[in-house]
Amino acid sequence: MNRVTYFSICASAGFLLYILEMVRRRKLREEYSILWLAGSVVILVLSLKQGWLVRLAHAVGIAYPPSFLFLVGILFILLILIHFSIAISKLHQMNKRMAQEIALMKGDAPHRKDEQIDGTAS
Amino acid sequence: MEGTSPRILVIIPAYQERRSIGGVVRSLRQRYPYDVLVVNDGSTDRTSESAREAGATLLDLPCNLGIGGAVQTGFLYARDRGYDVVVRIDGDGQHEVEDIPIVLEPILAGRADAVIGSRFLGETGYRGSIPRIFGIRYFRLLVNMTTRYRVTDPTSGFFAINRRLVAFYSDHYPSDYPEVDAYILMHRFRARTVEVPVRMYGRAEGKSSITAFRAVYYMVKVTLSYLINCIRRFG
């Protein structure tokens, strides 16, 4: 095994454990961990199974097999970023609707703010 | 409209309009029996207080949503309270309050679902800056090429809509720069839309939400969301 293989095994295994720990401590929600976990498992497996990596790399025309790991990594990062953009858009929509609902609910009690302002002005 | 006189709500979205909002609300209330709703889009000045002192119903958004989000809040209010017609005007005095009956008439007569006030129809004498006129011409071309409507003023924020369209907009209204997008929404909704001549003026107070720097972003963003709306499904 060459150094790049050792490195990718250590890095992906460490990364996998880190993500699992974050999920265990509830600092990362399960639905946002799935792509991270999948990415690190795929890279870990390809780092351990050199034969698979070589065959896959040659199948897509990559001469230097470890490059295929970078490709896999980049593809997963792209997927995760798209996932984030979608999640942010959903949050944006929810946030907008909540702000609107808050305004509509506050509108039912219009005098509360007046009283506060009158209190400070006088 | 069911024999009784229709319930009409005037919606004014307001962001940092404390100098002008009071005057607009007062002149509305002097002239018309309509309810006036100001939606304060997270202003940090005394927009809310000015509007309320002038006698408007006020909704305070907890944060700035952008003009479309504020207007949509007004649509939600109108939908929930069962208003028959909604008029939307600016709070900065750009739109001539006296022209509201012109904008309302086709809806009250049952001839239209939406009436857009155009500053270019008739002898309104509007003079805008060159980039603004260019932008308006670009959007005019876009709307005229892709919808059944023939419009002169696609960015006009002076309009009236009936309750069917209020209900539709309550669920589908763009957050920022909504007016051009609204045409494709109306087209998809098969709304009967007409333009009528209204008077518009340069801004009396405050500055336009569209600065020169943002103009390019505005055109790209509106074009994108417009084209996406052409192929979107509306549930």
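We did not get these values from a lab; they are worked out from the coordinates using the rules stated. This structure is a prediction, so every number in the text was calculated from the model and none was measured. Note that each Cβ is placed from the backbone with ideal geometry, even for glycine, and that neighbours are counted across all protein chains shown.
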antiparallel share of DSSP beta bridges within segment B:8-231, to nearest 5, in %, is 30 percent
When all Cα-Cα pair distances of chain B are considered, the percent exceeding 32 Å is 12 percent
To the nearest 20 debye, segment A:3-121 has a Cα-centred charge dipole, built from +1 on Lys and Arg Cβ and -1 on Asp and Glu Cβ, of 500 debye
In chain B, helical segments from DSSP H whose Cα atoms cover 18 Å or more along their own axis and that average at least 1.0 on the Kyte-Doolittle scale are B:215-231
Taking alpha-carbon centroids only, segment B:5-66 lies from segment B:73-137 a number of Å equal to 16 Å
Sorted largest first, the C-alpha extents of chain A along its principal axes in whole angstrom are 80, 29, 23
Of B:32-41, A:34-43, ordering from highest average Cβ density within 10 Å down gives B:32-41, A:34-43
Taking a crude spin-label model, label points 7 Å out from Cα along the C-beta direction, the B:His172 to A:Ile9 distance in nm is 5.7 nm
Projected onto the charge dipole of segment B:1-146 (unit charges on the beta-carbon of Lys, Arg, Asp and Glu, signs +1, +1, -1, -1), the Cα from B:Gly69, B:Ile136, B:Ser48 with the largest positive-side position is that of B:Ile136
Note to self, the protein assembly as shown gives a 222 nm [θ] from helices alone (DSSP H runs n ≥ 4, -39500 (n - 2.57) apiece, / all residues, nearest 500) of -19000 deg cm²/dmol
Relative contact order in percent for chain B (Cα pairs under 8 Å, 6+ apart) equals 23 percent
Of the convex hull drawn through the C-alpha atoms of the protein assembly as shown, the volume per residue in Å³ is 207 Å³
If one compares the long axis through the Cα atoms of helix A:66-106 with the longest principal axis of the Cα atoms of chain A, the angle in degrees, nearest 10, works out at 10 degrees
When chain B is treated as a Gaussian network with springs between alpha carbons less than 10 Å apart, the largest mean-square fluctuation among B:Glu123, B:Glu96, B:Glu53 is found at B:Glu123
Ranked by GNM mean-square fluctuation in chain B (Cα springs under 10 Å), the top entry among B:Ala215, B:Ala112, B:Ala56 is B:Ala215
Rounded to the nearest 10, the angle in degrees between the Cα long axis of helix A:111-121 and the longest principal axis of the Cα atoms of chain A comes to 70 degrees
Restricting to Cα pairs under 8 Å and 6 or more apart, the percent relative contact order of chain A works out to 20 percent
Projected onto the charge dipole of chain A (unit charges on the beta-carbon of Lys, Arg, Asp and Glu, signs +1, +1, -1, -1), the Cα from A:Gln100, A:Ile34, A:Ser8 with the largest positive-side position is that of A:Ser8
Answer in debye to the nearest 20: the dipole magnitude of the protein assembly as shown about its Cα centre, from +1 Lys/Arg and -1 Asp/Glu charges placed on Cβ, is 1280 debye
If the chain between B:Arg31 and B:Val216 were fully extended at 0.36 nm per residue, the gain over the current Cα-Cα distance would be 62.7 nm
